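One structure is given below, encoded as C-alpha cells.
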Amino acid sequence: MSSPPDAVWNELRRRLWWEYGLLAAWFPVIFFFGWLPQHAGISEVVAIGLAMLWILPMFLADRRLYAFPCPSCGRRFLRRGQAWPRSCAHCGLKAWAPLAPTSVE
Ligand SMILES: [Zn+2]
C-alpha cells in the first residue's frame, strides 16, 4: 500500500495549526478568565487555575510539532526555538518539497 507523498506535509501542517491555533486562542482565554471573577462570582484563584489549564494542550501541541520526523532522514525536522519550518535541521530537506510516494506496510 502506498501513501500519497503530501500526507507527510499535511501532518506537519496539522501540527502547525494546533500549535499556532492554541497559541492564538490563548489571548481570548486569558481575557475570558480575567472577566469571569467579576461577572460569574468565582474567585480569581480558580479563574487563574482554569486559565492555566490551557497551557497543557499548548505544551502537548508544542511537543508534537517539534517531534515531527523529517521524511528524508527521520530525525527531528525542526530545531528547538525554530518558529516555522523552512528546511530540516539535519539534512536540509526543504519544507513542502515534493516527495516520492512511499510504501507503507
Ligand atoms: Zn532531515
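Every number here is computed from the coordinates shown, using simple stated rules; none is lab data. Bear in mind that the values here come from a model prediction, so they are computed numbers and not experimental data. Neighbour counts are summed over all protein chains in view; Cβ atoms, including those assigned to glycine, are modelled from backbone coordinates with ideal geometry.
For the reader, a short list of remarks on this structure follows.
- About the centre of its Cα atoms, the range 2-97 shows a dipole size close to 540 debye [charges on the beta carbon of Lys, Arg (+1) and Asp, Glu (-1) only; nearest 20 debye].
- Summarising the amide proton neighbourhood of Arg76: residues at separation of 5 or more, or on other chains, whose placed amide H is nearer than 5 Å comprise Cys70.
- Separation of the Cys91 and Leu50 label points, Cα + 7 Å toward Cβ, nm: 4.8
- Degrees between helix 6-40 axis and first principal axis of the chain (Cα, 0 to 90, nearest 10): 0
- For the chain, the spread of Cα coordinates along the three principal axes comes to 58, 29, 18 Å, biggest extent given first.
- Over the residues of the chain, the helix contribution to mean residue ellipticity at 222 nm works out to -18500 deg cm²/dmol, using -39500 (n - 2.57) for each DSSP H run of at least 4.
- Counting charges near Pro69 (Lys, Arg +1; Asp, Glu -1) among other residues having Cβ under 9 Å from its Cβ returns a value of +2.
- Packing-based ranking, highest mean first, of 13-21, 56-64, 70-78 given that Cβ atoms within 10 Å are counted: 70-78, 13-21, 56-64
- Here's how it looks for Ser87: its modeled amide H is under 5 Å from those of Ala95, which are all 5 or more places away or on a different chain.
- Gaussian network model of the chain, Cα within-10 Å springs - most flexible of Trp35, Trp54, Trp26: Trp35
- Positive-pole candidate from Trp84, Trp26, Pro37, dipole of the chain, charges at beta carbon: Trp84
- Under 16 Å from the Leu99 label point (7 Å along Cα→beta-carbon), backbone N, the range 9-52: 9-16
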